[in-house]
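Shown next, in structure tokens, is the structure this report addresses.
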Amino acid sequence: MIKTKLHSTFSKLITLDGSPTLISNEAQGVHEPMHNMKGAFSETIYVYERPLLQGLNYAESTFAVLSLGLGLGYNEILCAGVFLLHEKRTSTANFIKNVYLKSFEINRLLRESFLFWVQDKYSEFNSIYSEIAHLMALRYDIPEQEIKSLLGLWYDKGDWELCGKFPDELTQRDRFNVILYDAYSSRTHPEVWDEDFLDHFLRAHAMDQCSLGTYAAKGSLKRALLANQFHVEQPKGFGGKRSCTYATRKNRD
Ligand SMILES: C[S@@+](CC[C@H](N)C(=O)[O-])C[C@H]1O[C@@H](n2cnc3c(N)ncnc32)[C@H](O)[C@@H]1O
């Protein structure tokens, strides 16, 4: 496995599909790569593209996405990619008018680095972000630069917020029709997989029509989703994982 120390905090690993992921250096505690080692890009597409495409279909005038956590920004880059694809395929009259993307990332270095890349400033991670944008641009047949420009535009307009610790910066008014739940595992971060926590979170922050995706298939998550009237599917997970979770709620009773 190719491992390159990038910074005192992180090393870059190349996953089996050739795309990069990060792992904290041992002294920092969390010793779990951010993605499945069978393919970071492929896992992102497998788990998170579907809820985003569904969300775009029922977004009508607003596309409100929650991303936990930012990490290397795969899901933010994916979000911009599918949005650009949607615009390419849709008539101007049907363009989504309001976008609201709220990303959470507890690590300040990761927040700042990603924003630097979006704003064309230097960060040690820039080549990684560009590589991810390149892969996304190829997938959707869109210019790579448009992905970064769209994220920059969303940020400047306040349509994309880059927050710290989840769930601390959620406000009472935050409601999402897409939830990309990419936290570390319950072994590392048990609190965000707790059933009562998830139940309250969904009750307060999921729109009536909502899609959620996550690489995990925790019983606590499934119970909280069912209690909130989501239809839950837990098919085979990515890269040999037993299951992942897709959940949708088309309408509330
Ligand atoms: C599995 S990685 C996410 C990978 C990311 N979606 C990507 O595409 O690169 C989990 C991320 O969540 C962050 N994190 C962990 N706990 C958090 C919390 N309570 N609030 C916000 N971010 C958190 C970690 O620092 C890490 O970057």
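Given the condition without any contact (Cβ under 8 Å) to a residue 24 or more places away in the chain and near the ligand (Cβ under 9 Å from one of its atoms), answer yes or no: does some residue in region 24-43 qualify?
The answer is yes, given that some residue of region 24-43 is without any contact (Cβ under 8 Å) to a residue 24 or more places away in the chain and near the ligand (Cβ under 9 Å from one of its atoms).
Among all residue pairs at least 6 apart or on different chains, which show Cβ distances below 7 Å where the first residue, located in region 48-73, is on the phi > 0 side of the Ramachandran plot and the second is within 12 Å of the ligand (Cβ to nearest atom) and aromatic (Phe, Trp, Tyr)?
Pairs that qualify, where the first residue is on the phi > 0 side of the Ramachandran plot and the partner is within 12 Å of the ligand (Cβ to nearest atom) and aromatic (Phe, Trp, Tyr), are Gly73/Phe114; Gly73/Tyr129.
Where residues in region 69-126 are of a type in the set (Ser, Thr, Tyr) and assigned to a helix (DSSP H, G or I), which of them is nearest to Arg175 (Cα to Cα)?
Tyr74
Using the structure shown, decide if Leu101 is touching a helix residue (DSSP H, G or I) at 6+ places or on another chain (Cβ under 8 Å) and either within 15 Å of the ligand (Cβ to nearest atom) or among the polar types (S, T, N, Q) (or both).
Yes, satisfied.
Can you tell me which of (1) under 15 Å from Asn75 (Cβ atoms); (2) assigned to a helix (DSSP H, G or I); (3) within 12 Å of the ligand (Cβ to nearest atom) is the one Phe197 doesn't meet?
Phe197 satisfies every listed condition except (1).
Quick check on this structure: which one of Ala64, Ala80 is surrounded by fewer than 24 Cβ atoms within 10 Å (Cβ to Cβ) and within 13 Å of the chain's Cα centre (by Cα)?
Criteria check complete, one pass: Ala64.
Testing Tyr122 on (1) surrounded by fewer than 17 Cβ atoms within 10 Å (Cβ to Cβ); (2) modelled with pLDDT of 95 or more; (3) within 16 Å of the ligand (Cβ to nearest atom); (4) not charged (D, E, K, R), one condition comes back false. Which one is that?
Of the numbered conditions (1) surrounded by fewer than 17 Cβ atoms within 10 Å (Cβ to Cβ); (2) modelled with pLDDT of 95 or more; (3) within 16 Å of the ligand (Cβ to nearest atom); (4) not charged (D, E, K, R), the odd one out for Tyr122 is (3).
Name the one entry in Tyr181, Tyr155 that is within 16 Å of the ligand (Cβ to nearest atom), of a type outside the set (D, E, K, R) and either at pLDDT below 95 or under 25 Å from Ile45 (Cβ atoms) (or both).
Going through Tyr181, Tyr155 in turn, the sole match is Tyr181.
The values are calculated or read from the model by the stated rules, or taken from the named source; none is laboratory data. All values derive from a computational prediction rather than experimental measurement. A quick note on method: Cβ atoms are made from the backbone with ideal geometry, for glycine too, and the neighbour counts reach across all protein chains shown.
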